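None of the figures in this text is laboratory data; all of them are computed from the coordinates on show. Not measured: the values here are computed from a predicted model. Note that we place each Cβ from the backbone using ideal geometry, even for glycine, and neighbour counts take in every protein chain shown.
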Amino acid sequence: MSSAKPGAGRAALAVALAGIWVGLCEFVRNQLLLIAQWQEHYRNMGLEFPSKPVNGMMWMVWSFLLAGTVFAISRRFGLWQTALVAWVMAFVMMWVVTWNLSVLPVGIMPVAIPFSFVEALGAAFICRRLARTVAR
């Protein structure tokens, strides 16, 4: 007999789809919309912006870790609370660190702030919608 909780398949699906959503948002924001600002900022520091396949793979790992965390938070909080907690935890804290290390191009923030909140909100929505039947 399986020791999995009822709804474990839905939970896994929610995390998988939320992870894909987060990864897609990260790619669109950083590799399509803001790539020129990132590259210029890194070039001004005498560095090359890390955009090799291994970097993309690590961002996907990060995306699925965030999705799993969003799922866990979504079991305790509503949609907007989950999105806000996830957004602060994943993005605001990362920006504080990258700003402190002088590797954050501050000029991206008018795009990054709303885009990343929509990213967190979408992940929260996916987790709450697809895994409703999972025990809280």
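Summary of computed values
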| item | result |
| --- | --- |
| Kyte-Doolittle mean at least 1.0, axial Cα span of 18 Å or more - DSSP H helices of the chain | 8-27, 53-74, 109-130 |
| Total formal charge among the other residues, if their Cβ is under 13 angstrom from that of I126, Lys/Arg +1 and Asp/Glu -1 | +3 |
| Linear extension gain, F64 paired with W80, 0.36 nm per residue minus alpha-carbon span | 3.8 nm |
| Protection-proxy order for peptides 122-130, 106-114, each taking the mean of Cβ atoms within 10 Å per residue, highest first | 122-130, 106-114 |
| Expected-Rg normalisation [2.2 N^0.38 Å, Cα atoms] applied to the chain | 1.15 |
